[in-house]
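Down below is the structure, laid out as structure tokens.
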Amino acid sequence: MIKIYEMITKFLQFIINVLFVLQITLMILVFLTASYWFLTLIDPNLFEFARPIALAVSNFVKLFYDREVQIGGVYVDASLLLFDIIAIALVFGIAKFKYYVYEAINSVVLAINDCKVEREKEFNEALQKEVESNIKKCNNVAILVRFSAKNMFVDSCWGGDAEAGVKEKEEEAFKIFYSSIKNISGCKFAKTDDKMLVLIEDFSKVDNILYFIELSANRIRENFKRRKWALFAYIAIDVYDNKTNFKSSVYPVLEKLLTIRHKNEVVCLGNFVMRYQLGNELMYNPVLYGKYNISGEECEVWALVKKS
């Protein structure tokens, strides 16, 4: 359709050019014939070079109108005067017609722009669908959880060994945590050093599992609080596809996210946010937390905040 509109535009522009040449030609003829006609009344030899043009125009007009006009008792050939009047009228008529042609060109140009916008919109929609399709191929989720305990009786004022019993309490937290989530279907679990790894093969379950993980962590934290122990949960999440090397690409990123030490909220990178926002009825709002050096480059880190 755009090609047709462009052809119409070129044709209309060609008409404009023809009309412009016609206008210039008529204006030159009017100047020559009017000057010749007026000056011959004074002296027939003053504008002699224009005689061939004036005669040709006069002969052409006389094919349609052959009369003489009486001026001061003298009969004068009025064919040139009639030509000038008609030519001037044509010049103004052509100018008016050119205005409408320009309006038509503008309308066609607007139609071309509308077609381009529509085509660009369709292209962007197709590209968006392709991007979303590629993003949705990342259907595997990895969650890394780390607990950090602190004895609330130990401080700079009362003294005490800040490390005493910490490892035991963290181990206790992990055992309680694992016992509460081990029966969740569709998950695999692995304990690595002081961290718990949760693997999910169906992204649609991520909201419910995250909610249950946070709920379990909060219950353990409240239980520890009653015994005068503070417990902090650090949670990182990432998404990947079946072709990704988990050990070399995903797990190091999760460990790096935990080093940010964002307490009691889930942190992730932008790739997880893009995948997460393609879902429906989301339980969390991704909030930009800041920029950090992850895997040797600056990355935006997001926190998943539970909707109220």
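The values are calculated or read from the model by the stated rules, or taken from the named source; none is laboratory data. Just so it is clear, the structure is predicted and the values come from calculations on it, not from any experiment. Cβ placement follows ideal geometry from the backbone for every residue including glycine, while neighbour counts extend to all protein chains displayed. All accessible areas refer to the heavy atoms of the entire protein, side chains included, with ligands and DNA or RNA removed. Shrake-Rupley method; radii C 1.70, N 1.55, O 1.52, S 1.80 Å.
Mind giving me the FRET efficiency for MET27 and ALA104? R0 is 22 Å, r the Cβ-Cβ distance, nearest 0.05 is fine.
For MET27 and ALA104, the calculated efficiency is 0.35.
Among ILE181, ALA56, ALA87, which residue has its Cα furthest toward the positive end of the charge dipole of the chain, with +1 on Lys/Arg Cβ and -1 on Asp/Glu Cβ?
The Cα lying farthest towards the positive end belongs to ILE181.
Once Lys and Arg get +1 and Asp and Glu get -1 on their Cβ, which of LEU22, ILE200, PHE97 lies farthest toward the positive end of the dipole of the chain?
Checked the options; the winner is ILE200.
Taking every DSSP beta bridge with both residues inside the chain, roughly what % is antiparallel (nearest 5)? Could the numbers behind the result be given before it?
On the way: 43 of 45 bridges.
Given both bridge residues lie in the chain, the antiparallel proportion sits at roughly 95 percent.
How about LYS291: which lysines have a C-alpha closer than 16 Å to its C-alpha, ignoring those fewer than 8 places off in the same chain?
By straight Cα distance, LYS291 reaches LYS256.
Work through the residues other than LEU127 whose Cβ is under 12 Å from its Cβ and net out their charges, Lys, Arg +1 and Asp, Glu -1. Walk me through the intermediate numbers first.
Numbers: positive: LYS121, LYS129; negative: GLU120, GLU122, GLU125, GLU130, GLU132.
Around LEU127, the surrounding residues sum to -3.
Going through region 216-256, which trypsin sites (Lys or Arg not before Pro) have at most 14 other Cβ atoms within 10 Å and a DSSP loop state?
ARG227, LYS228, LYS243
Can you list, bin by bin at 10 Å, the percent of alpha carbon pairs in region 179-308, starting at 0?
Pairs per bin, as whole percents: 11, 43, 38, 9, 0.
Given R₀ = 41 Å, what would the calculated FRET efficiency be for ILE260 paired with ASN124, taking r from the Cβ atoms and rounding to 0.05?
E between ILE260 and ASN124, to the nearest 0.05, is 0.75.
Please give me the summed charge of the neighbours of GLU298: other residues whose Cβ is under 14 Å from its Cβ, Lys and Arg +1, Asp and Glu -1.
0
What residue among ALA111, GLY296, TYR5 has its Cα farthest toward the positive end of the dipole of the chain, where the charges are +1 on Lys, Arg and -1 on Asp, Glu, each on the Cβ?
GLY296
Note down the Stokes-Einstein diffusion coefficient of region 146-226 in µm²/s, whole number, using a Kirkwood radius over alpha carbon pairs, 20 °C, and 1.002 mPa s.
151 µm²/s
Counting only other residues whose beta carbon sits under 9 Å from that of ASN264, what net charge do I get with K and R as +1, D and E as -1?
Working: positive: ARG221, LYS263; negative: GLU214, GLU265.
Net charge around ASN264: 0.
Whole number in Å², please: accessible area per residue of the chain, 1.4 Å probe, ligands, DNA and RNA not counted.
Solvent-accessible surface per residue comes out at 63 Å².
Determine the relative contact order of region 247-308: mean sequence separation of Cα pairs under 8 Å and six or more apart, normalised by residue count, in whole percent.
Numbers: 69 pairs, mean separation 23.1, N = 62.
Computed over region 247-308, the figure is 37 percent.
From the helices alone, meaning DSSP H stretches of at least four residues, give me the mean residue ellipticity at 222 nm for the chain, per-run term -39500 (n - 2.57), in deg cm²/dmol to the nearest 500.
-18500 deg cm²/dmol
Leaving ligands, DNA and RNA out of it, report the carbon-plus-sulfur percent of the accessible area of region 196-308 at a 1.4 Å probe.
Roughly 48 percent, rounded to a whole number.
Report which label in (1) 54; (2) 23; (3) 17 holds the value of percent of Cα pairs over 37 Å apart derived from the coordinates of this structure.
Read-out from the structure maps to (1).
Would you work out the charge dipole size for the chain about its Cα centre, treating the Cβ of every Lys and Arg as +1 and the Cβ of every Asp and Glu as -1, and quote it to the nearest 20 debye? Spell out each step's value before the answer.
Working: 38 positive and 37 negative charges, 336 e Å.
The calculated dipole for the chain is roughly 1620 debye.
Normalise the Cα radius of gyration of region 96-148 by 2.2 N^0.38 Å (N = residues in it) and let me know the number. Numbers along the way, then the final one.
Numbers: Rg = 24.5 Å, N = 53, 2.2 N^0.38 = 9.9 Å.
Normalised Rg, Cα atoms only: 2.47.
Helix by helix, which DSSP H runs in the chain go 18 Å or more along their axis at the Cα atoms and have an average Kyte-Doolittle hydropathy of -1.0 or more?
Taking the DSSP H segments of the chain (at least 18 Å long, mean hydropathy at least -1.0), we get 2-42, 79-136, 166-181, 206-226.
Given charges of +1 on the Cβ of Lys and Arg and -1 on the Cβ of Asp and Glu, with all other atoms neutral, how large is the dipole of region 160-308 about its Cα centre, in debye to the nearest 20?
Its charge dipole is roughly 460 debye.
To make sure I understand the rule: partners must be lysines, Cα under 24 Å from the Cα of LYS10, and not fewer than 8 residues away in the same chain. Which ones qualify?
LYS96, LYS98, LYS116
Return the subset of LYS169/LYS228; LYS191/LYS243; LYS188/LYS306 for which the Cα-Cα distance in this structure is over 19 Å, preserving the input order.
Numbers: LYS169/LYS228 12 Å; LYS191/LYS243 24 Å; LYS188/LYS306 24 Å.
Where the Cα-Cα span goes over 19 Å, the pairs concerned are LYS191/LYS243; LYS188/LYS306.
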